[in-house]
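The values are calculated or read from the model by the stated rules, or taken from the named source; none is laboratory data. Quantities reported herein were computed from a predicted structural model and do not represent experimental measurements. Every residue, glycine among them, receives a Cβ derived from its backbone with ideal geometry; neighbour counts consider all protein chains shown. These area figures cover heavy atoms from the full protein model, side chains too; ligands, DNA and RNA do not enter into them. Shrake-Rupley method; radii C 1.70, N 1.55, O 1.52, S 1.80 Å.
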Amino acid sequence: MRPRLLVTGAATRIDGPLLFMRRTLNVGLNHAVSVQGGDGKIRLGRIAALDDEFLTIELLEASAGLALADTVVSFYLEPLHFGLSPGILGRVFDGVGRVLDGGPPVAIHHNFRIDGLPLNPVARARPHDFIETGISAVDLMNSLVRGQKLPIFSGGGLPHDRLAVQIANHARLRGAESRDFAIVFAGIGVPHASADYFRRSFEASGVLERAALFLNLASDSSTQRLLTPRFALTAAEYLAFVEGKHVLVILTDMTNYCEALREVSGAKGDVPGRKGFPGYLYSDLATLYERAGCVHGLPGTLTQLSILTMPSDDIGHPIPDLTGYITEGQIVLSRELDRAGIYPPIGVLPSLSRLMKDGIGRGSTHADHPSLSSQLYAAYARAIQARVLASVVGEEGLLDIDRKYLAFGTSFEQDLVQQTAARTLEDSMAIGWGLLRGLPISELARLTDAQIAQYIET
Amino acid sequence: MSVARISWISGPVLRARAQGPFRLREAVRVGERGLLGEVIRMQGDDIVAQVYEDTTGLRPGVEVRGSGALLGVMLGPALLGRIFDGLLRPLAGTATHYVEPGMRTEASLEFSFRPRMRPGEHAKGGAVLGEVVNAAGIQQLCLIPPDAEGEVTTILAAGRYGDDAPLCSLRTADGASRAVAMRHFWPVREPRPIAEWLPSDEPLITGQRVLDSIFPVALGGKAAIPGGFGTGKTMLLEALAKSCSADVIVYVGCGERGNEMAGVLDEFPRLADPRSGRPLMERTVIIANTSNMPVAAREASIYSAITVAEYFRDQGLHVALLADSTSRWAEALREVSVRFGELPSEGGYPPYLSSRIAEFYERAAKVRTLAGSTGSVTVLASISPPSGDFSEPVTSHTKRQVRSFWALDVKRAQARFYPAIHPLQSYSEDALDLAAWWGKVYADLAPDADVPANEWSEEWTKLRRRFLTLLDEQARLERMARIIGKDALPARQQLILFCAELVNEGFLRQSAFSATDRYCGPQRQARMMRSITRFIAAAEAALAKGISCEAIAAMQIVRRLERMGEDIAEDDAQAFADLSLSMESEFSDLVALTGAKREA
Ligand SMILES: Nc1ncnc2c1ncn2[C@@H]1O[C@H](COP(=O)(O)OP(=O)(O)OP(=O)(O)O)[C@@H](O)[C@H]1O
Ligand SMILES: [Mg+2]
């Protein structure tokens, strides 16, 4: 994008991220601007409001250092765009799509608006291709499918990065060697060490040349965080729907994104809602998370694996809550399991994959996969209930059957959830059947007689 | 038409200086692309409008053109079987994969028409002008618009015509002439008129046991489904769309996921209506305003949907309006209200939230139509309360309007116990009015030998109450067990816990993925309820004879009862009879065996 018109000295007021100036040009709402201060730094922004005399610019990068007199505003006469070509793979960008790795500029074949247009629901194809991640608590219990948006709900200090890398490195369609995949990674306000962990892991597994990295580090401008996922998703959509690749997008940490949104909205004087977040947080997040899926007639797909840390481990906090209302399920990490030394510490009960039903069962994974996972869920939920009861009245206060469930719960966590190496779905299923054999048949109401004969009574 | 020029714009809200008269709620077109908007405020010479499409690029000076009409939609035979955006513009057949701003209303479609009126006849608003048949062979009625009346001067003969072609001409009372086509315009925020409200004594059968038998909703009733994320609201609404006993389904995805809409579009044409055997899509109208589509249109989509529902009701049909989710509608209301500086009240929502909710639910009813037939609109709507907390404004205001409240429970959902309807937090005020209807279902079944004939009509009421009491006792006993331990409960109470679990597993749980169980008709529901009740009575009797709770729990029949939903097909009365026999013999064996042991 090249600026078309330059204006100097028209700024009348700067208030946090907002810059007010006299409207000397005929520009439109949401059009991009870049604002250069006397310090020489260039900041991106967009036109947030207009009236006959004035216009309001929302700066998407730090406004510190700007002055009224020497500020130069360049107008692009169109919304923010990102120039793209296959050359973005293997490259590292900053949070607003500028090359950061010292390499040459990326050739531009296409220019896409970073805040995309909503995909027509009619154009969407229903995602149904099961992805094997090698992780039992995911593959068996919360299966991921291509085109799904499945975030990881984590907490400070939990191994979400390791899990995300593991999924990214292992994810594959069963029985198929896919060469058409790509990874788009967006670090949003993450510490340098974390961004570096991802980069090194991708390098070690040899996928770095198929990855595009967008880095807004913890030390970078917080307002810029509103743009980072949009640049990353624009790149991902391009790779998926123009280049036909199966793209896995990792956005981390969405909590930082939401904090930045709260900061900007506070400065704009928006009416604060729950915990100070603006009322439009849901709609705003939807414009990011909904950029995933499959499209009729196009070969590529876009799968989102975002990471967010739940403030105070509270799943009811607006950030995880609103995310859960938009995404197609969630993988929840449990501090309790982590403390017990179980890796991956996936809390199976609060986790959910909504698209699992379309990706498993006869013809895709295994005819008995749905019943097995449903029965394991029912039994594990009973086990947790028994555990709660036992913690109050002691194990002696339990009935025999509850004690059996207690034992089931422990083995479920230690033998199924916990794992050191990747497992095939068949391995995971075999472990699952084995666990159910520890319960009386009368407890297995979710299995058919045939399944009991085949897997339990052997 | 009047014109105004933008003087201020921010997000979806603009202010414009009017150069002519505008009306509140008038539809407007903005700029070159003709973006659709609506006047929501008037201040002196200024109008404030909300725009239903992406406003990028708009600027001061841009023209806002009044349409002369209130925000409304075209109602006609082209609606069935298709998908539209929140303002009822077709979504299929667009040039790109994306929803571009400035889409226009579609061109006319052709249908075959057969008149039912003659020249010289006096036509009242809402009367049947003729019949229309669409490509799928479905017959619909063509109505005189409710706001028109007069003498038929000309009417076309049977034939194929465009849905916008004038079919008939009326001479109105003031001597003017008015043309009537297959489709007509109606403002979405205005309820369509009816002759009278009718009491409802008939249920909308949903095929879900926990709803029909425990928390039923009447035809023309209103039900809310609140629940935190992932508790099963959408799945439940989809299950209702697939199998409920309505003639027409209007499904509005309001601020929810694009993939869910794609799922419905993918599945419905392939699934058959359980009653007619025709593809489900043929009786369905889908309105989609997904979460990433413009916010203001989300607010309008609910009104478009209920207007469409009323239009089919006026043809003498029973319509189910499924809305997912009304919270997104309320949030859209809040977002727009905040934009133009209204003082927020509770939870940031505008002070008129509760009256808007009330107005919306008031449009659900069973009625005598203007044409004299019976029709209904049943509203079934989900609510997405923040953190799943039902004390928030949208849930609490809705609770005062609806008669059925189906609360989804996180604990049940986490155990993958579906539908996750919490039996103690949910209720149905319609249950009383529907008792007679259900009484007849029970009476029509081969009568239960244990129930005297004069009580057949009461059977449902009794069984239902019995189940609810049992579940209530379960909750109480579980609290107690947490203090004294489960093993310290007396055998009678342990049996209550066991039987309540059987009601849960064997009756309330219903798998949407099982081909047999995804739909459960009233008769099968009655047979299942009876089987479980019979078991409970036998178990209590056995306990009184000194048989232990463990021995009862270990009976073979328990598993049969827990699996009857999936194992016994819809019309298999014999299987229930067999079940009953095995139950009797296993109990008598158990009693005999225990007696023998005691003697030995
Ligand atoms: N009746 C059911 N039978 C089987 N599975 C179900 C049923 N209801 C819900 N589920 C499971 O739970 C998941 C979540 O359900 P659903 O999408 O309906 O939740 P929701 O309440 O609409 O959530 P949100 O508010 O986030 O939209 C489904 O994807 C499905 O896996
Ligand atoms: Mg939903």
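Summary of computed values
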{"read-out": "Residue B:464 more than 13 Å from chain A (Cβ to nearest Cβ) and either assigned to a helix (DSSP H, G or I) or open to solvent by 50 Å² or more (accessible area, probe 1.4 Å) (or both)", "value": "yes"}
{"read-out": "Qualifying position, being within 16 Å of ligand 2 (Cβ to nearest atom) and open to solvent by 10 Å² or more (accessible area, probe 1.4 Å), among B:419, B:393, B:385", "value": "B:419"}
{"read-out": "Flag for residue A:425 being away from every other protein chain (no Cβ under 14 Å) and surrounded by 19 or more Cβ atoms within 10 Å (Cβ to Cβ)", "value": "yes"}
{"read-out": "Conditions (1) within 14 Å of chain B (Cβ to nearest Cβ); (2) open to solvent by less than 30 Å² (accessible area, probe 1.4 Å); number of the one not met by residue A:232", "value": "(1)"}
{"read-out": "Evaluation of residue A:149 against (1) in contact with an Asp or Glu (Cβ under 7 Å, 6 or more places away or on another chain); (2) within 14 Å of chain B (Cβ to nearest Cβ); (3) more than 22 Å from residue A:198 (Cα to Cα) (one fails), failing number", "value": "(3)"}
{"read-out": "Output for the stretch B:200-218, where each listed residue is part of a loop (DSSP other than H, G, I, E, B), open to solvent by less than 10 Å² (accessible area, probe 1.4 Å) and either closer than 17 Å to residue B:435 by Cβ or away from ligand 1 (no atom under 15 Å from the Cβ) (or both)", "value": "B:204, B:215, B:216, B:217"}
{"read-out": "Pair list, Cβ < 6 Å and 6+ apart or interchain, from the stretch A:267-291 residues that are in the same structural domain as residue A:119 (by TED's automatic domain parsing) and open to solvent by less than 10 Å² (accessible area, probe 1.4 Å) to residues that are at pLDDT below 85 and not in a helix (DSSP H, G or I)", "value": "A:278/A:270"}
{"read-out": "Selection status of residue B:419, within 16 Å of ligand 1 (Cβ to nearest atom), free of Cβ contacts under 8 Å to residues at least 24 places away in the same chain and either in the same structural domain as residue B:224 (by TED's automatic domain parsing) or touching a strand residue (DSSP E or B) at 6+ places or on another chain (Cβ under 8 Å) (or both)", "value": "no"}
{"read-out": "Strands (runs of 3 or more DSSP E) wholly inside the stretch A:49-136 that include at least 3 residues being within 14 Å of another protein chain (Cβ to nearest Cβ) and out of contact with any helix residue (DSSP H, G or I) (no Cβ under 9 Å at 6 or more places or on another chain)", "value": "A:54-59"}
{"read-out": "Residue that is farthest from the other protein chains (Cβ to nearest Cβ) [pool: residues in the stretch B:353-382 that are in a loop (DSSP other than H, G, I, E, B) and surrounded by fewer than 23 Cβ atoms within 10 Å (Cβ to Cβ)]", "value": "B:372"}
{"read-out": "Test: residue in the stretch B:220-240 that is more than 13 Å from ligand 1 (Cβ to nearest atom), in the same structural domain as residue B:368 (by TED's automatic domain parsing) and of a type in the set (Phe, Trp, Tyr)", "value": "no"}
{"read-out": "Criterion: open to solvent by less than 40 Å² (accessible area, probe 1.4 Å), at negative phi and outside any strand (DSSP E or B) - qualifying residue of A:214, A:198, A:153", "value": "A:198"}
{"read-out": "All positions within the stretch B:265-284 that are buried (at least 21 other Cβ atoms within 10 Å of the Cβ), closer than 23 Å to residue B:217 by Cα and in contact (Cβ under 8 Å) with a residue 40 or more places away in the chain", "value": "B:283, B:284"}
{"read-out": "Within the stretch B:385-408, considering residues that are at pLDDT 95 or above and within 11 Å of ligand 1 (Cβ to nearest atom), the one nearest to the other protein chains (Cβ to nearest Cβ)", "value": "B:385"}
{"read-out": "Per-region count, the stretch A:274-288, residues in a helix (DSSP H, G or I), within 8 Å of another protein chain (Cβ to nearest Cβ) and either aliphatic (A, V, I, L, M) or within 15 Å of residue B:255 (Cα to Cα) (or both)", "value": "4"}
{"read-out": "The stretch A:316-342: number of residues that are in a loop (DSSP other than H, G, I, E, B) and at the interface with another protein chain (Cβ under 9 Å from one of its Cβ atoms)", "value": "4"}
{"read-out": "Flag if residue A:399 is without any contact (Cβ under 8 Å) to a residue 12 or more places away in the chain and not assigned by TED's automatic domain parsing to the domain that holds residue A:137", "value": "yes"}
{"read-out": "Residue in the stretch B:182-195 that is over 21 Å from residue B:282 (Cα atoms), among the aliphatic types (A, V, I, L, M) and free of Cβ contacts under 8 Å to residues at least 60 places away in the same chain present", "value": "no"}
{"read-out": "Failed item in (1) touching a residue at least 60 places away in the same chain (Cβ under 8 Å); (2) assigned to a helix (DSSP H, G or I), with residue A:390 passing the rest", "value": "(1)"}
{"read-out": "Answer from B:323, B:288, B:262 - the residue that is within 16 Å of ligand 1 (Cβ to nearest atom), open to solvent by less than 10 Å² (accessible area, probe 1.4 Å) and without any contact (Cβ under 8 Å) to a residue 12 or more places away in the chain", "value": "B:262"}
{"read-out": "Residues satisfying the stated conditions in the stretch B:501-527, i.e. within 14 Å of chain A (Cβ to nearest Cβ), more than 16 Å from ligand 1 (Cβ to nearest atom) and touching a residue at least 60 places away in the same chain (Cβ under 8 Å)", "value": "B:502"}
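The rows are residues; the columns are (1) crowded, with 19+ Cβ neighbours inside 10 Å; (2) polar (S, T, N, Q).
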position: B:39; (1), (2): yes, no
position: B:46; (1), (2): no, no
position: B:51; (1), (2): yes, no
position: B:56; (1), (2): no, yes
position: B:61; (1), (2): no, no
position: B:69; (1), (2): no, no
position: B:72; (1), (2): yes, no
position: B:81; (1), (2): yes, no
position: B:89; (1), (2): yes, no
